[in-house]
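See structure below.
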């Protein structure tokens, strides 16, 4: 190790993407691994982003005629079931050694994707709130099982140096597609798009998982080289359990604030018709472009800076964006909102999504990736998103005005913005105190 | 909204504050077509097309900072023209026209009560005058660069090294900083109370950007056959600014080049803490490139 460090200090290690080297050397097996991993993450995130987050709300409220409050309860149920199943799956993965076994995970994923395809096709046919609840529970189970498996492929197939890039592509791409297509946020449209993508995916997954394949065998061998995450080994081993808990809490807060604000903003016609659902394709293209640019920037910064700095940036961007919205609401609610508002919002969202994709695999080793990804994505992503979704729907149903609602969101964002530097300072104090005190 | 509008916006808000009239109720039009019929609050016209139609009577001031404003009707207040296009038609009636800059067409029969001009940069058609501001920039920055190369050489070296070794990272940081800082400064200006802070921020931003360009010049100067470091840097800075001006003439590609140089310079100044620190990206685990043994946590 010391030898390697000495070599590294003499010549700064290359920061070029490994992918470029692989392509230059025509080593197509690892390149296939990249494509597979990125495609899987993109598709999975697009599914959650559109079909689950927006499609289910449409299904519950406008098609089944459920009240805002009961849909919010169903969403909270979905979050809890998804979290429980994902943690269970993650623990089983680690205990049974599936975390190190590519083929077993591919098999489980094939079954889960087939279940999701069936659910997606059934969704527009649902006729009663009772069947909707059953549907949601099964869907939550499938999402929960798929989540740690999908994230664990990052450890198998992507070397640490390229993980910022590999996280930026799904984040940018899924948001890019989601903001251009489909135009209408209706469950039939979402369902048709999803089924068209998922049907061939199930076939490919089944072929890879259940038939003897040299490709899978060779891909499985890559893990030995880049299995352990960036923060689990020198030179920056920070992934102790307590640090992990702090990061989970921090990311939970980011997701919570985002959904809490966004779901009320998209309910406000003046904002949504001038941005995400604008009839002007130029505006939508602008938003899609900012998503890609934001994700690319986050990808570059992720590999260059420590995660603490990135968290400060995310909180700063979010706090500022919410301030902009509140200010606009308070002073010029009747005027056309400038594109700066959704632009800043989108930048912040792309930022933390990229962080979310890269952070959990980088905080895990081959032995812990199932549990850590499940807890990380489950608590920070799902639990936060859906708790806040429920809360946002509830506040809407309870007649809280948008301005009052955003004021709560602002308060939270400000609190966190202040807390992050303080926590960083406290961490430094703790390190120094440990040196000083016996 | 274009970014070059922000300084104009600041200027208009400042003027509005000093004019005293209705500074707390300004209406900003940034895009699209607008009919200004009977606005009783001050109007700032950004990248929009605004029109005061025939017969309309406005009682509050108008500030034109961009886009196109056409006046057919009556404005019983001051019209301030800072930038953009202002067209005053035959029947128009304006209490006072204050001219600062921009393109103007005034019909000879228009009734204008009073004209004042604060001509900062008019008659830029004159080629000799249009060369003056860039020439001043070249001389000033070259002098600053030459001086810094003698007194603060290490800082310039650090910034230049950051740009050279990490162009993507510095350009990314520069872009993100510029985007967020400009939005923040504009937002501050809208609160009116924070206009001074906003101006200080803008000045600091300009200074940091200039330092970035000086660092580019410092690096470029090393390629020139000049021995004395101060002279080399000064010549490099001058050359870089002239090259940037020339590149700005090329459509699209030129803008990309100028944007990259300016933003990466700014980013490099930021990540090196004004050049006091040699920038090192966060250390990544040493990855075995091809074959060979993996470096796992258990090996250490």
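Matching residues to (1) without any contact (Cβ under 8 Å) to a residue 40 or more places away in the chain; (2) in contact with a helix residue (DSSP H, G or I) (Cβ under 6 Å, 6 or more places away or on another chain); (3) within 14 Å of another protein chain (Cβ to nearest Cβ):
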| residue | (1), (2), (3) |
| --- | --- |
| A:128 | no, no, no |
| A:136 | no, yes, no |
| A:156 | no, yes, yes |
| A:168 | no, yes, yes |
| A:171 | no, yes, no |
| A:179 | no, yes, no |
| A:185 | no, yes, no |
| A:193 | no, no, no |
| A:207 | yes, no, no |
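Would a scan of segment A:260-271 turn up a residue that is more than 25 Å from residue A:412 (Cα to Cα) and without any contact (Cβ under 8 Å) to a residue 40 or more places away in the chain?
The first filter runs over segment A:260-271 and keeps only residues more than 25 Å from residue A:412 (Cα to Cα), leaving none.
Checked segment A:260-271: no residue is more than 25 Å from residue A:412 (Cα to Cα) and without any contact (Cβ under 8 Å) to a residue 40 or more places away in the chain.
Look at segment A:216-229 and say how many of its residues are at pLDDT 80 or above, in a helix (DSSP H, G or I) and surrounded by 14 or more Cβ atoms within 10 Å (Cβ to Cβ).
3
Can you tell me which of (1) over 14 Å from the mean Cα position of the chain (by Cα); (2) within 20 Å of residue A:228 (Cβ to Cβ); (3) modelled with pLDDT under 90 is the one residue A:377 doesn't meet?
(1)
Conditions: (1) in a helix (DSSP H, G or I); (2) within 14 Å of chain B (Cβ to nearest Cβ); (3) surrounded by fewer than 24 Cβ atoms within 10 Å (Cβ to Cβ). Residue A:234 meets all but one. Number of the miss?
(1)
Could you say whether any residue in segment B:265-276 is surrounded by fewer than 19 Cβ atoms within 10 Å (Cβ to Cβ), at negative phi, modelled with pLDDT of 90 or more and not in a helix (DSSP H, G or I)? Explain how you work it out, then say what you get.
Filtering segment B:265-276 for residues surrounded by fewer than 19 Cβ atoms within 10 Å (Cβ to Cβ) gives B:273-274, B:276.
Pick out the ones that are also at negative phi and you get B:276.
Then drop every residue that is not modelled with pLDDT of 90 or more, which leaves B:276.
Among the residues that remain, those that are also not in a helix (DSSP H, G or I) are: B:276.
Checked segment B:265-276: at least one residue is surrounded by fewer than 19 Cβ atoms within 10 Å (Cβ to Cβ), at negative phi, modelled with pLDDT of 90 or more and not in a helix (DSSP H, G or I).
At least 3 residues that are assigned by TED's automatic domain parsing to the domain that holds residue B:13 and either buried (at least 23 other Cβ atoms within 10 Å of the Cβ) or touching a residue at least 24 places away in the same chain (Cβ under 8 Å) (or both) in each: list the strands (runs of 3 or more DSSP E) lying fully within segment B:46-110 that qualify.
Working: elements: B:49-52, B:62-64, B:68-71, B:74-81, B:85-88, B:93-99, B:103-106.
Once the strands (runs of 3 or more DSSP E) in segment B:46-110 are filtered for at least 3 residues that are assigned by TED's automatic domain parsing to the domain that holds residue B:13 and either buried (at least 23 other Cβ atoms within 10 Å of the Cβ) or touching a residue at least 24 places away in the same chain (Cβ under 8 Å) (or both), what remains is B:62-64, B:74-81.
Could you say which residue among A:326, A:268, A:304 is touching a helix residue (DSSP H, G or I) at 6+ places or on another chain (Cβ under 6 Å) and at the interface with another protein chain (Cβ under 10 Å from one of its Cβ atoms)? Show your work before the answer.
On the way: A:326 fails: at the interface with another protein chain (Cβ under 10 Å from one of its Cβ atoms); A:268 fails: at the interface with another protein chain (Cβ under 10 Å from one of its Cβ atoms).
That would be A:304, the only listed residue that is touching a helix residue (DSSP H, G or I) at 6+ places or on another chain (Cβ under 6 Å) and at the interface with another protein chain (Cβ under 10 Å from one of its Cβ atoms).
Residues A:105, A:96: which one is under 30 Å from residue A:212 (Cα atoms) and crowded, with 21+ Cβ neighbours inside 10 Å? Please lay out each step first, then the result.
Details: A:96 fails: crowded, with 21+ Cβ neighbours inside 10 Å.
None of the others qualify; the one that does is A:105.
Per-residue answers, yes or no, for (1) over 24 Å from residue B:11 (Cα atoms); (2) within 18 Å of the chain's Cα centre (by Cα); (3) modelled with pLDDT of 90 or more:
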| site | (1), (2), (3) |
| --- | --- |
| B:180 | no, yes, no |
| B:184 | no, yes, no |
| B:221 | yes, no, yes |
| B:236 | yes, no, yes |
| B:243 | yes, no, yes |
| B:249 | yes, yes, no |
| B:256 | yes, yes, yes |
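For the list (1) within 14 Å of chain A (Cβ to nearest Cβ); (2) in a helix (DSSP H, G or I); (3) farther than 17 Å from residue B:275 by Cβ, I need the number of the one condition that residue B:231 fails.
Just one mismatch for residue B:231, condition (1).
Please determine, by comparing only the residues of segment A:1-19 that are assigned to a helix (DSSP H, G or I) and at pLDDT 65 or above, which one is surrounded by the fewest Cβ atoms within 10 Å (Cβ to Cβ). Give the derivation first.
Taking segment A:1-19 and keeping what is assigned to a helix (DSSP H, G or I), we get A:2-10, A:18-19.
Filter again for at pLDDT 65 or above, leaving A:18-19.
Details: A:18: 19, A:19: 17.
Looking at residues that are assigned to a helix (DSSP H, G or I) and at pLDDT 65 or above, I get A:19.
Out of all the residues in segment A:20-68, which are within 14 Å of chain B (Cβ to nearest Cβ), surrounded by fewer than 18 Cβ atoms within 10 Å (Cβ to Cβ), touching a helix residue (DSSP H, G or I) at 6+ places or on another chain (Cβ under 9 Å) and in a helix (DSSP H, G or I)?
Step one: of segment A:20-68, the residues within 14 Å of chain B (Cβ to nearest Cβ) are A:20-22, A:24-27, A:29-30.
Those still in the list that are surrounded by fewer than 18 Cβ atoms within 10 Å (Cβ to Cβ) too: A:20-21, A:24-27, A:29.
Now drop any that are not touching a helix residue (DSSP H, G or I) at 6+ places or on another chain (Cβ under 9 Å), which leaves A:27, A:29.
Result: A:29, single match.
The values are calculated or read from the model by the stated rules, or taken from the named source; none is laboratory data. Computed from a predicted structure; not experimentally measured. Neighbour counts run over all protein chains shown; Cβ positions are idealised from the backbone, glycine included.
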